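Following: one structure in structure tokens, then a few remarks.
The values are calculated or read from the model by the stated rules, or taken from the named source; none is laboratory data. Quick caveat: nothing in here was measured; it's all calculated off a predicted structure. Because the Cβ atoms are built from the backbone with ideal geometry, glycine has one as well, and the counts that use them run over all protein chains shown. When the accessible area is computed, the model is the full protein with side chains, heavy atoms only, and any ligands, DNA or RNA have been set aside. Shrake-Rupley method; radii C 1.70, N 1.55, O 1.52, S 1.80 Å.
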Amino acid sequence: QAITFAVSSNGTIYSVIGHSGYNLFNLVRSTDGGETFEPVYTFTTTIHSIFISQHDGTEYIWVGEAGPRIFRSADHGQTFEHVLTLSNSAKTRSYWSFAADDDKILIGEYGNIDVPNVVYMSTDAGDSWSQIFDTSDLHPMLNSHIHMVKIDPYTGWIYVTNGDANGVRSALHVSKDNGATWISYEIGSRSNIPENGFLAATFPDPNRVFFYTDNYPGVWEWI
């Protein structure tokens, strides 16, 4: 089960609960730092991801289910609408699969590594979507899934990483033009180097990015 929690701008914690840790259908929230939780919304399938973004003064809650559907709420979880269906029965994987920077939001597919996985971008809070990255571009017959999507808060550059590569090397992909073109930096592969792809990143200052590897813990500094 993925990590399923998010914190809103006013400190409200959104999470999920289920029976004995399974069937995590119920979105809940806490306004007292996690001391107590109240029910918000019940989905029909297990929740894999929760993410919160802001756009034009509105705060949106995004929920990715175990299947390929992405839901959005603009009223603090009172109602949700289905806004995107991922390809190839893919899913999202916690907050690693989401990124937002005011006018745009990214969603990366964490699907089967034997089929292509893509990154979607919306510039209107999820009303419409375009595909800006496809793992099949790395090699038409060899694929991997999207480990992480990030938007640099200082430059607006987009960072995408592929991981658990099936025959291709894990890499960091950077776009400086909203996904129109990409530069790729190879990291390693499961077969020869213990670097299974970057899974997270932080931005300590305008000149550096720290990337964190997957199953073999390590931090890479990119200048």
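What is the packing order of peptides 169-181, 106-118, taking the mean over residues of other C-beta atoms within 10 Å and listing the highest first?
106-118, 169-181
Tell me the net charge near Gly64. Cut-off is 9 Å between Cβ atoms, Gly64 excluded, with +1 for each Lys or Arg and -1 for each Asp or Glu.
+2
How far apart, in nm, are the 7 Å Cα→Cβ label points at Thr181 and Asp103?
For the pair Thr181/Asp103, the computed spacing is 2.0 nm.
Using a 1.4 angstrom probe, figure out how much accessible area the chain has per residue, in square angstrom, rounded to the nearest whole.
Per residue, the chain has 47 Å² of solvent-accessible surface.
Run the numbers on the chain and let me know its relative contact order in percent, using alpha-carbon pairs under 8 Å that are six or more apart.
After rounding, I find 10 percent.
Over segment 1-122, calculate the relative contact order: mean separation of alpha carbon pairs under 8 Å at least 6 apart, over the residue count, as a percent.
Worked out over segment 1-122, it gives 17 percent.
Assign one of three labels to the chain, namely rounded, prolate or oblate, based on the Cα gyration tensor with a ≥ b ≥ c the square roots of its eigenvalues; rounded applies when a/c is under 1.5, prolate when it is not and a/b is larger than b/c, and oblate otherwise.
Cα axes put the chain in the prolate bin.
Could you tell me which residue out of His82, Met121, Gly18 lies farthest along the dipole of the chain toward its positive end? Charges go on the beta carbon: Lys and Arg +1, Asp and Glu -1, centred on the Cα centre.
Most positive-ward Cα: Gly18.
Please list 3J(HN,Hα) in residue order for segment 80-90, calculated via the Karplus relation 6.51 cos²θ - 1.76 cosθ + 1.60 where θ = phi - 60°; whole Hz, with x for glycine and proline.
Going residue by residue, I get 10, 10, 7, 10, 7, 10, 6, 8, 6, 6, 6 Hz, with x marking Gly and Pro.
Go through segment 212-223 residue by residue and turn each phi into a ³J(HN,Hα) via Karplus (6.51, -1.76, 1.60, θ = phi - 60°); whole Hz please, and just put x for glycine and proline.
Using θ = phi - 60°, the values come out as 10, 7, 7, 7, 10, x, x, 10, 10, 9, 10, 10 Hz.
Within a Cβ distance under 10 Å of Val118, other residues only, what is the Lys/Arg minus Asp/Glu net charge?
In short, -3.
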